[in-house]
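This report concerns only the one structure given below.
The values are calculated or read from the model by the stated rules, or taken from the named source; none is laboratory data. Everything quoted here is computed from the prediction, not taken from an experiment. No Cβ is skipped: glycine too gets one built from the backbone with ideal geometry, and neighbour counts run over all protein chains shown. Each accessible area value is taken on the protein alone, full model and side chains, heavy atoms only, with ligands, DNA and RNA left out. Shrake-Rupley method; radii C 1.70, N 1.55, O 1.52, S 1.80 Å.
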Amino acid sequence: TEAFKEQTNRVRFDFELTKAELLYERFTKTYLRWCRELNVKSRAQAYGRGFFPLESSLGYDIPEGESWTTNWMKHRVGEEMGDEDYRRGRAYTMINKYVSSGAHLAGKKIISCEEMTNTYLVFNMTLELLKIGGDQTAISGVTHSVFHGFNYSPNKELPFPGWIQYGAYYSERNNWWPFFHLYNDYKGRLSTALQHSTMYADIAILNPIADMWTTMGMQNEPFPSSTIHQWKTMVWEAMSKNGNGVDYVSESIIQKSTIKKGYLHYGPRKYNTLFLIVCERLNPSTLEKMVEFVQDGGRIFCIDAYPHLSTGWHNHEARDKEGQSLVEQLKGYKDRFILLHKPEKDFIGWYQQVQKDYQITPYLTIETPNPYLMQNRYITDEGNEMFFFAYAHRYLSHKTRINFSKEVRQNRTGWVWDLESGKRYRLELDKNGSYLFDFGPADSLLIVFDKQRRGESWKPLPTEGKENKTYNNDWDVEFKHSLENTQKKVHFDKLIDLKEDKEHVHFTGTVIYKKTIQVAQPDETIINLGNVQGISELFINGTSCGVKWYGRRIWNISKYLKKGDNTIEVRVTTTMGNYVKTLKDNKNPYRWMYRKNGTEQPLQSMGLIGPVNIYKLY
């Protein structure tokens, strides 16, 4: 009967709550006390069946989440970012937002993450994919990444690839190993900046944890066999993509909060707006605090349902009535207790309309929001404003104007901090405080507003210009195999994706492309290599112009050119997966290309594909 089903559900909630309380009492508190007595830092991935998803992270010195860069459910990172599945295109797992929010509520700045775990594209992982995944991890609130899956083989006599279980094949035998420090440099600068700042949020989200524990029980976060309302993570993402900052909260956090001047205060955090995502069951004590919050000027948005039931079995009928009475009180504040309905699609557009309808003011306005473009706001230890933008598409670009609020810009100058070089450049905003940004594939930006006034202006290289010439034909090409120690020289009448070249489809190593061009006037000359699949290093007349390991492959080559003949050389370091597919007798690497579940990795694109364009600055 329905009555028996309801009783079973309520007892299930009590059972799950008791488990979580016992685990916190018997394990978490014991472990934390033991670490303090030993005078060592405590660290844990404190989630999964039996844990409170948010509160369990509060007490640890270094709370930790996890991200799987190839995507933890094999959805294509950098290629899709749909609303229909919370895993699709995401490298971070949904638990990261709980862990980072718990850290924020506890005033912690070091939030670690098991990152770049790889169970699929082991030999096809690129530094570009690692960056896309790592940037997403940072957006989820992480400030310290722990690279996962290093298998060191001390015996160099072992056949390729040596010891490997899973990971991204972090090994000196990997083609991109000599360039790995470039990603580490980038990551180190970003982590340093984030660990010396505090992520900003004035919106809190309460997820339907009580409803999930009641109807289906605890799930093995972050890899649940099932979950309630799979779209719920789209809400915080839509807020980020529209210029707001958000934390997750829990019922116990709300209950322990204080209310001051329309804000919900807990520890160092305060929120003036609270969103409830289909929270049908809440403890009356939580609703009591919500009444106090709304009476003091705060706002609560209920998505798809008002709370109308209590949690647990004990005295539930009386507690249901108590909760319903409190909800009726809340409904009396029609401008501050509001029912919204989730969209069927386009959460970004839906939240943008919510901002307009209810005057939710963003700290920055993204003129053309995009599913792949996310941002966080931070307050640095010096009191400056800082923003991290991450654009997650592998192939497409996105141009949009971003307007920074007066609050952010007041008596400050904007600076782009180059995370690859460590240099900083002045951001020339227009009179309205906006800038037209052109985000390339896998792009990211760290922008700081501080009191410094003078410095070199930021001038990103354009993707096209005047006097354009295309050089896609007649290249001399040399193949240097990284494992078979062979070399071969050929001539390409036209640049081609090596995946489509039967003779070289299974190559691994470095491909060297050479061509001689005529230059009449070297000044203000730009080269854009177009589509490059692999790590690229450009040489002009034998001098290295630098390495590009992700996104656009554009250089200003003016100082390297001379009048007359000039030699262009492009060295492309490929992935290893296409070669590994041929090693059918070497079961160790081969099993990662043909998984037991029947999933075969496709051939990967490789090489300089172009079009290669040389043009003048506008």
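With respect to the conditions (1) part of a helix (DSSP H, G or I); (2) under 32 Å from the mean Cα position of the chain (by Cα); (3) surrounded by fewer than 20 Cβ atoms within 10 Å (Cβ to Cβ), Thr28 falls short on a single one, namely (3). Residues of the range 271-290 that are in contact with a helix residue (DSSP H, G or I) (Cβ under 6 Å, 6 or more places away or on another chain) and open to solvent by less than 10 Å² (accessible area, probe 1.4 Å): Ile277, Pro284, Thr286, Leu287. Identification of strands (runs of 3 or more DSSP E) wholly contained in the range 402-490 with 1 or more residues that are over 24 Å from Asn242 (Cα atoms) and free of Cβ contacts under 8 Å to residues at least 60 places away in the same chain yields 424-426, 473-481. Of the numbered criteria (1) over 30 Å from Thr18 (Cα atoms); (2) open to solvent by 10 Å² or more (accessible area, probe 1.4 Å); (3) of a type in the set (Ser, Thr, Tyr); (4) out of contact with any Ser or Thr (no Cβ under 8 Å at 6 or more places or on another chain), the one Ser240 fails is (2).
The set of residues in the range 377-397 that are open to solvent by less than 50 Å² (accessible area, probe 1.4 Å) and out of contact with any Leu (no Cβ under 6 Å at 6 or more places or on another chain) comprises Arg377, Tyr378, Thr380, Gly383, Asn384, Glu385, Met386, Phe387, Ala390, Ala392, His393, Arg394. Has the range 153-172 got at least one residue that is open to solvent by 10 Å² or more (accessible area, probe 1.4 Å) and in a helix (DSSP H, G or I)? Within the range 153-172, none of the residues are open to solvent by 10 Å² or more (accessible area, probe 1.4 Å) and in a helix (DSSP H, G or I).
So that you can scan it fast, the table gives a plain yes or no per residue for (1) surrounded by fewer than 22 Cβ atoms within 10 Å (Cβ to Cβ); (2) aromatic (Phe, Trp, Tyr); (3) out of contact with any helix residue (DSSP H, G or I) (no Cβ under 8 Å at 6 or more places or on another chain):
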site: His181; (1), (2), (3): yes, no, yes
site: Asp202; (1), (2), (3): yes, no, yes
site: Asn207; (1), (2), (3): no, no, no
site: Trp213; (1), (2), (3): no, yes, no
site: Pro222; (1), (2), (3): no, no, no
site: Ile228; (1), (2), (3): yes, no, no
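If you go through the range 574-618 and keep only what is in contact with a Pro (Cβ under 8 Å, 6 or more places away or on another chain) and among the polar types (S, T, N, Q), you end up with Asn586, Asn588. Does Leu194 satisfy being closer than 30 Å to Tyr363 by Cβ, over 16 Å from the mean Cα position of the chain (by Cα), at pLDDT 90 or above and buried (at least 17 other Cβ atoms within 10 Å of the Cβ)? No; evaluated as a whole, the condition is false for this residue.
Only one residue in Glu21, Glu37 is under 27 Å from His314 (Cβ atoms), at pLDDT 95 or above, surrounded by fewer than 23 Cβ atoms within 10 Å (Cβ to Cβ) and not aliphatic (A, V, I, L, M). Which one? Answer to the selection: Glu21.
Out of everything in the range 252-270 that is within 27 Å of the chain's Cα centre (by Cα) and of a type in the set (D, E, K, R), what residue ends up being surrounded by the fewest Cβ atoms within 10 Å (Cβ to Cβ)?
The first filter runs over the range 252-270 and keeps only residues within 27 Å of the chain's Cα centre (by Cα), leaving 253, 266-270.
From the residues that got through so far, the ones that are of a type in the set (D, E, K, R) too are 269-270.
Numbers: Arg269: 23, Lys270: 18.
In this case the residue turns out to be Lys270.
The residue of the range 80-123 that is modelled with the lowest pLDDT, among those that are under 25 Å from Leu206 (Cβ atoms), buried (at least 24 other Cβ atoms within 10 Å of the Cβ) and among the aromatic types (Phe, Trp, Tyr), is Tyr92.
Candidates Ala305, Ala318: the one that is over 30 Å from Thr137 (Cβ atoms), in a loop (DSSP other than H, G, I, E, B) and among the aliphatic types (A, V, I, L, M) is Ala305.
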